[in-house]
1. In the range 249-288, which residues have a backbone nitrogen under 12 Å from the label point lying 7 Å from Arg306's Cα in the Cα-to-Cβ direction?
2. With 20 Å bins from zero, work out the P(r) of the chain over every alpha carbon pair and list the percent per bin.
3. Can you give the extra length, in nm with one decimal, that the chain gains between His268 and Lys51 once fully stretched, where that is 0.36 nm per residue apart less the Cα-Cα distance?
4. Testing the spin-label approximation: label points 7 Å from Cα along Cα→Cβ at Ile74 and Lys373. State their distance in nm.
5. Would you mind ranking Thr279, Thr411, Thr174, Thr94 by Cβ crowding within 10 Å, fewest neighbours first?
6. Place the peptides 415-425, 12-22 in order of packing, highest mean first, counting for every residue the other Cβ atoms within 10 Å and averaging per peptide.
7. What ranking of Asp123, Asp479 emerges when the number of other C-beta atoms within 10 Å of each C-beta is taken as an exposure proxy, fewest first?
8. Multiply the residue separation of Ala4 and Glu295 by 0.36 nm, subtract the distance between their alpha-carbon atoms, and state the gained length in nm to one decimal.
Amino acid sequence: MYYAVDKYGEAYNTIVRSCSSHSSCQLVLFVSCLNVDALCAAKILSLLFKKQLIQSQIVPVFGYSELKTHYDQIDDNVNTVMFIGFGGVVDLETFLEIDPEEYITENAKWKKRVSKRYIYVWDAQRPWNLDNLFGSEIIHKYESIIDDYYAQGVTVVNSLAAQVYSLLSSIGETTLQNLWLTILGTTSLDTAFTQIYNRLCPLLQDEVRRLSPKSTGVKTPDTLTLNIQPDYYLFLLRHSSLYDSFYFSNYVNAKLSLWNESGKKRLHKMFARMGIPLTTAQESWLYMDHSIKRELGVIFDKNLDRYGLQDIVRDGFVRSFGYRGSISASEHLEALNALLEVGEAIHDDGISSKDEEDETLTEQENKSLKLHKRWLSNFWLSWDALDDKKLDILKLGIQHAQILQRAIFNTGVTVLEKKMIKHLRIYRLCVLREGPDLDLYRNPLTLLRLGNWLMECCAESEDKQLLPMVLASLDEATDTYLVAGLAPRYPRGLDMLQNRKPILNNFSMAFQQITAQTGAKVKIDNFESSIIEIKKADLSPFLEKLTLSGLI
């Protein structure tokens with residue numbers, strides 16, 4: 001069954017009725033633990049249910065096998081389950097081995113059959129698995145049409161946090177805090193799905209104007225405000241120097257090719273043209289000349305067009321925490337991503353001597369299990385970073401984000417200087433086998449961060465070919481490669497043109513078909529279906545088959 005936006009309130013009332021009449025927990029929320037949008041959506045829902053005095057359990061999960069394990073363990077009396085950030089692309093009834101008749105009971109009062117458990121799916125990925133919407137019997141009648149629908153490729157069509165906010169709007173529960181969480185979730189899509197952010201941004205700006213109280217000019221230590229202010233495609237400007245924010249910006253790096261010496265010279269000439277000495281630009285933003293900071297927007301407007309950086313200034317969202325400071329949505333997002341990727345420590349193999357090993361598993365399986373446990377720990381750290389009172393965690397995330405971006409930049413420069421990106425006619429290929437930061441790319445989020453950096457550079461390169469990319473990184477601990485398939489990328493600016501259709505990711509279906517054809521040892525367990533794990537020895541024949549398949 002599908003709920004349109006105008007029916008969200010109806011579904012919510014059903015959940016409240018079924019969960020609020022029990023003293024025990026009747027509601028379980030499974031959340032994709034490597035997805036900022038899902039994290040924000042789950043946080044909004046948890047605050048909403050808490051306000052209604054409804055007990056709920058949050059269960060972060062990494063992939064489908066972990067979901068199956070945790071789902072099988074929930075109590076039989078749980079009547080409502082939510083999947084946030086996944087579930088829409090698989091046949092849940094088959095995957096979870098659900099017997100519908102097992103949950104059907106007769107209601108004597110209403111004289112009809114009702115279900116003892118309902119599963120609600122919040123998932124913005126497409127294509128949908130149509131069995132979940134219509135039932136398998138109807139689907140089988142139109143198999144050929146549906147096969148074409150599934151084969152068209154995968155994309156994201158909306159923000160999960162924005163969908164949840166639509167629910168809040170329908171029941172009159174919108175607040176500045178929930179709006180801020182929605183803004184963070186939507187902003188997380190800006191890099192890979194710019195058209196979604198551009199579509200939702202004006203709506204979010206209208207909500208900010210509607211909910212923000214009119215300024216009285218009086219600021220107190222506890223004043224929490226949300227404002228629309230100029231923002232920049234620069235990296236953590238308020239938390240570094242003007243020079244570093246340019247230098248480590250994906251957008252600026254791709255436009256100016258900062259990875260080579262000529263690009264650095266262009267950057268220095270640009271600062272000279274703007275009338276900003278390098279010594280001033282390299283000062284901390286906090287202590288930089290206030291006259292320059294006040295005129296920065298004007299300086300950019302006058303000088304950056306000639307460098308192709310005319311879109312560097314845009315309207316953004318800034319949250320103020322009284323006297324404790326302020327942060328923009330893009331900066332908060334960088335901190336959240338860093339916490340999800342590395343948690344409390346940057347270089348940590350995820351293996352603790354305090355953790356007992358499962359003797360029934362191999363050494364490689366134990367290492368993989370402990371790595372997943374660390375990612376769950378990272379999820380809860382990021383969850384806490386959404387709390388207005390825990391700014392210390394947010395500051396830790398910003399520090400980690402700066403270190404991570406430097407690592408991404410160094411790896412990216414190495415890849416481009418050594419010409420490690422190979423053109424295989426229908427896609428680009430980059431394989432990482434060594435390097436000081438190789439262990440970072442065991443996390444799919446960090447691998448995608450590097451992939452986005454490289455794809456932006458390719459989009460602005462001289463050939464400007466709209467080619468997808470396969471990015472693989474060796475995990476020496478498990479003797480496997482983590483492989484990500486990335487859709488082609490339009491150059492920044494062109495992706496905002498009207499009638500520009502979103503580019504679909506064809507790797508999800510291609511990876512599944514090649515795995516079935518080759519019998520390679522491939523693990524397809526991530527909620528992001530274009531990310532797989534493959535044995536080291538199987539990578540070359542797998543890629544060869546992929547190149548010749550014509551599926552991309």
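Nothing in this text is a laboratory measurement; each read-out follows from the coordinates by a stated rule. Nothing here was measured: the structure is a model prediction, and the numbers come from that model. Note: ideal-geometry Cβ built from the backbone for every residue, glycine included; neighbour counts use all protein chains shown.
1. 269-275
2. 19, 55, 24, 2, 0
3. Gain on extension, His268 to Lys51, equals 72.8 nm.
4. Reported label-point gap for Ile74 and Lys373 is 2.4 nm.
5. Placing the least packed residue first, the sequence is Thr279, Thr94, Thr174, Thr411.
6. Working: 415-425: 12.9, 12-22: 15.1.
Going by the mean number of other Cβ atoms within 10 Å, highest first, we get 12-22, 415-425.
7. Ranking Asp123, Asp479 by Cβ neighbours within 10 Å, fewest first, gives Asp479, Asp123.
8. 100.2 nm
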